[in-house]
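In what follows, a structure is listed as structure tokens, so that the remarks can point back to it.
The values are calculated or read from the model by the stated rules, or taken from the named source; none is laboratory data. Just so it is clear, the model here is predicted, and its values are computed rather than measured. Neighbour counts run over all protein chains shown; Cβ positions are idealised from the backbone, glycine included. With ligands, DNA and RNA removed, areas are computed over all heavy atoms of the protein, side chains included. Shrake-Rupley method; radii C 1.70, N 1.55, O 1.52, S 1.80 Å.
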Amino acid sequence: MADDIVIDSKLFHERLNNFVTKWKADKRSGDSIFNGAGAIATVVGKASDPGSYLKPAAFQLWLLGYEFPATLFILTPDVFQIVTTKKKASYLEPLKGGKVPVEILVRGKDAEENKKQFQSCLDTLKKSGKVAVLKKDLSTGAFAEEWKTAFQAADIKEEDQVELGPILSNAALAIKDEKELRIIRDASRASSALMSSYFVEEMSDILDSEKKISHRALSDKVAAKIDDPKFFAKEKVSKTFDAMQLDWCLTPIVQSGGTYDLKFATDPDDNNLHAGVIISALGLRYQTYGCLVGRTYMVGPNKSQESAYKLLLSIHDLVVKSIKDGVVAKDVYNKALAFLKSKKPELEKHFPKNLGYGIGTENKDQSLLLSAKNNRVLKDGMTFVISTGFTDLENPSPQDKKSKTYSLSLVDTVRVSLNDCAVFTKDTTSELDSISFFFEGEEEEEKPKAKRDRAPAIAQTNLTKTRTRHERPTNQDAQKEQQRREHQKELHQKKQAEGLDTYGEGAKSLNGTEAKKFKKFESYKRDNQLPSSTASLAIVVDKKNLTVLLPIMGRPVPFHIHTIKNASHTTENDFTSLRINFLSPGQGVGRKDDQPFEDPNAHFIRSVTFRSHDIARIDNITKDITELKKDVVRREQEKKQMEDVVEQDKLIPIKNRKPYMLDMIFMRPALDGKRIPGTIEIHNNGLRYAHGSGNVKIDVLFSNVKHLFFQPSQHELIVIIHVHLKNPIMIGKKKAKDVQFVREATEMQFDETGNRKRRHKFGDEEEFEQEQEERRRRAQLDKEFKNFAEKIADAARNENVSVDVPYRELGFNGVPSRSSVLIQPTTDCLVQLTEPPFTCLTLAEIEIVHLERVQFGLRNFDLVVVFKDYQRSPTHINTIPVESLDPVKDWLDSVDIPFTEGPLNLNWATIMKTVTSDPHQFFADGGWSFLATESDDEEGDAEDEESAYEANDSELAISDESSEESDFDANASDEMSAEGSEDDFSEGEDWDVLEKKAARKDREAAENGSEDERPKTKAKGGRKR
């Protein structure tokens, strides 16, 4: 034992007193925990193996903080006897003097004296009645054997011996205090860091480079990392974390190649790591408290393996969600088993007999097994190792002999709490995408090809090659429209078939995840926690515990702020009335009426009223309740807003060379403070933006990049590299899903002083030089940014990131947010990158597009995007010029997005609620076809009128005004747009005047020899703002 051992006397007496208090309380309530035991005897012989503590040693660690070999504990409610050696006794001397007397018996070399000490302990046991001992005592060593011999000789009857293990678990070891839980949390974080940041990297490098390494060698390499304090310092486990206090609870285990042991009881073998299913598990012990984390990694998994893993992941999540205070251990196991039987009953024989066990100072608490027969009730503060898996599954399509059978395993360390279970090892991801590895690179090569093939399908132009109106084929636009209709009909039929296939009969509502649940709120656990001011029976607003205490029937009654709807007061002469309204069923209106209640048919207090002459105090109480309610609502809104923000992994800087960088860069959204340019750098796994002098750094990891765009400075004031993220990140105090790196393309300085250069060059010549210089500078800037964007894509190629450039010629003006902006298609998206808030819609996520307000007489129409994720609100792009209607339709059709059109704005909140409430019925009733019904009817009416017009020419001579729609058939609208006659028509010019103007334009076009003048006029008109 080291000389610097100091036992925390205060903690020792606190835990000993709590243990004895539970003991005495259990005697009064029926001996359900201690089973009538009047004394406890526990012995530690030889020192435990590193990282492995049996229950007697765990009890010592819990009480003393250290393990004392060759030491005997005899404990009764009235006395604590400790038999140990002289040196250890010196460390225990300061423990004397507590509520429970501590008696220390020092062993020496005198054998007779030693026997007397043991006899004294045995006398204590005999006086106490039943004795709690470990019936299967595994302690070894001369001291332990001597005690076992003496105990057997004492002839204590078998029926007077009680099993000690469950007693220590229930009364001492199982339920941890806050300090113990923090220690286990830190051990779990350190284990997760070792698994995620070291083992996974080493394993992927070995497999990628096709190196040969044995399971034992790889395990030893990971185990050696415990001696690297810099690694754990870099991982930032916690502020007070000391890597020097780490030890192994489970030394790293690596298994592959068809040989698996999901109990992790065997050491790693000398077989080489096999590129198939790899199982790894490890557990660190921090300050004597242990944890475990284990994952399965799959190289090139087939569909059968992916399906089995998804099922295991669902079972694992179900187990984690089932663990909470008050749940019986066997119910957790049976619930998971029932789920497995409902999904794949044939896998039951591959399922383990238990799904985990308690952990703490003891490696495995056998009394806390999550098995089918354990009746132990889980309590808040317990910690468990959750271990789910399938053993010896058959691989239907093995890639080699070693892949014929495989196993799957998931291991996490969790903490039982009152509500949701806390997963301490959540930093080690278990999602299928994260644990699957593909090293061939085939998929990565295919996707860019698909992108290149899609681009030419986009409509490039709307120009015609005919010179005059008389040469133009009358059926050109009609043929084009017919082809588009037929293609759209095919897309709609395909979408309908996909909907029926996805949401078959019996499909559940998609609203289940958003359904509100009844919540219970606890203001105080005990009476002594109430504020002292309640003694005067006054109204008290306890802001700390979010509670309002009201004096009712002579007692202070607490009401949690979540049960209160509002508070108001009314002054009447010399007194004032305080009215507090509570939430109750049936009083809500609109969206607030869905407040759930545990029993809506119960009796509820709707309001209470208090009267007082102290008007100022009642006014203050009303303000306090109102402010408290506002604060709670605001905090809940902030919490909900931050739900989708994820904490990114650590950026890995490039160390062997200087990273690629761009300087004089501004980031959007901008950081707080002065607007200063910074530098953007490309590192191993992400981008780093250093603001100003580098004091503030923003990291964007490639794994979080969904789309990467480069927008040149053409027709813009800035050149842009835009990153659209999968999950939002925090920039300053705000979350952002889009990050831009820009540089201004305009010249910042203008020389108006009449310098030497201006003396020799005047007017147009100088302006021409300036324009040339600006064009050259813009081209250089675009080239620099485009090259940098391509370098980003190259560095992020493992994450399938590629550079996308907007097609400006296909852009159209619209209002996606506050102002009218140019919205441009790209190969995979529809974007607006110039003005915040930015717009980025992924085409692959779009279900259907509906064009609203498409009718004669309106200059603008709206575009509504409905996503495949029906829980996501549709996106609106409003006020698009009607000249862009045909180009928008052409583009939508070219990228295989079904669209419909209608004359009115629809209530999309109601529509999407209908879809999500019963998706099967929605598609059974025709799906999205209802959007096209109205527009089809109108088109049919228009065709009928047009055919009537063609059949009876005399009616036109009588009244040309009565056939407005026939005036605006396809050919007539082309003529009027070509002649720029929209304004003319509005002035009331008749048909004869328009015909003369058209003939004059035709003659001018023939004289100038311009082939495409009139269509170009149309093209310009289509982009008029």
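Each peptide among 891-898, 399-406 gets the average number of other Cβ atoms lying within 10 Å of its residues, and from highest to lowest they stand as 891-898, 399-406. Extension gain for the segment LYS734 to PHE575, taken as residue separation times 0.36 nm less the Cα-Cα distance, is 52.5 nm to one decimal. Once the Cβ-Cβ distance of GLU498 and ASP663 is raised to the sixth power relative to R0 = 56 Å, the FRET efficiency obtained is 0.70.
Which value, in Å², gives the accessible area per residue of region 178-437 when a 1.4 Å probe is used on the protein heavy atoms?
Solvent-accessible surface per residue comes out at 44 Å².
Provide the FRET efficiency to the nearest 0.05 for the GLU113-ASP177 pair, computing r from the beta carbons and using R0 = 30 Å. My answer for the efficiency is 0.15. The distance separating the Cα centre of region 717-740 from that of region 688-709 comes to 9 Å.
Computed across region 9-172, the Kirkwood radius stands at 16.0 Å (inverse of mean 1/r, all Cα pairs).
Could you rank ASP392, ASP477, ASP738 by how accessible they are, 1.4 Å probe, largest area first?
Values: ASP392 90, ASP477 55, ASP738 25 Å².
Ranked from most to least accessible, the order is ASP392, ASP477, ASP738.
Calculate, for region 625-726, the solvent-accessible area per residue in square angstrom, rolling a 1.4 angstrom probe over the heavy atoms of the protein chains. Please report the intermediate quantities before stating the final value.
Values: 5830 Å² over 102 residues.
On a per-residue basis, region 625-726 sits at 57 Å².
Placing a label point 7 Å from the Cα of SER817 along the Cα-to-Cβ direction, the residues of region 668-695 with a backbone N closer than 13 Å are 668-670.
Ordering ALA57, LEU16, VAL83 by Cα displacement along the dipole of region 9-172 toward the positive end leaves LEU16 in first place; charges were set at the Cβ atoms of Lys, Arg (+1) and Asp, Glu (-1). Note on region 224-382: Cα-Cα pairs beyond 26 Å make up 41% of the total pair count.
If I take R0 = 25 Å and measure r between the Cβ atoms of ASP325 and SER9 in this structure, what FRET efficiency does the formula 1/(1 + (r/R0)^6) give, to the nearest 0.05? Here the calculated transfer efficiency is 0.20.
Counting 0.36 nm for each residue step from SER873 to GLN637 and taking away their Cα separation leaves a gain of 83.1 nm.
From largest to smallest, the equivalent ellipsoid semi-axes obtained for region 623-685 from the alpha-carbon gyration tensor read 40, 18, 8 Å. What is the dipole size for region 9-172, taken about its Cα centre, with +1 at each Lys and Arg Cβ and -1 at each Asp and Glu Cβ, in debye to the nearest 20? Computed about the Cα centre, the dipole is about 400 debye.
Dimensions of region 219-282 based on its C-alpha atoms, expressed as ranges along the principal axes with the largest first, amount to 42, 22, 17 Å.
Between the amide H of SER802 and those of LEU708, distances stay under 5 Å, these residues lying 5 or more places away or on another chain, with hydrogens modeled in the peptide plane.
Taking Lys and Arg as +1 and Asp and Glu as -1, the other residues whose beta-carbon sits under 11 Å from that of MET203 total -1. Across region 17-26, rounded Karplus estimates of 3J(HN,Hα) from the backbone phi angles (6.51 cos²θ - 1.76 cosθ + 1.60, θ = phi - 60°) give 5, 4, 5, 5, 4, 4, 4, 5, 5, 5 Hz, Gly and Pro being marked x. With the convex hull drawn around the C-alpha atoms of region 632-739, the volume per residue stands at 134 Å³.
Between ASN727 and ASP527, the distance separating the two model label sites (each 7 Å from Cα on the Cα→Cβ line) works out to 4.8 nm. The average projected area of region 808-931, computed from the convex hull of its Cα atoms over all directions, is 7.7 nm². The listed residues ASP427, ASP155, once ranked by accessible area (1.4 Å probe) with the largest placed first, stand as ASP155, ASP427.
Taking 0.36 nm per residue of sequence separation and removing the Cα-Cα distance, the ILE552/SER214 pair yields an extension gain of 114.4 nm.
What you get for region 808-931, charging only the Cβ of Lys and Arg (+1) and of Asp and Glu (-1), is a dipole of about 400 debye around the Cα centre. Region 317-380 gives an Rg/Rh value of 0.99, both radii derived from C-alpha positions and Rh following Kirkwood.
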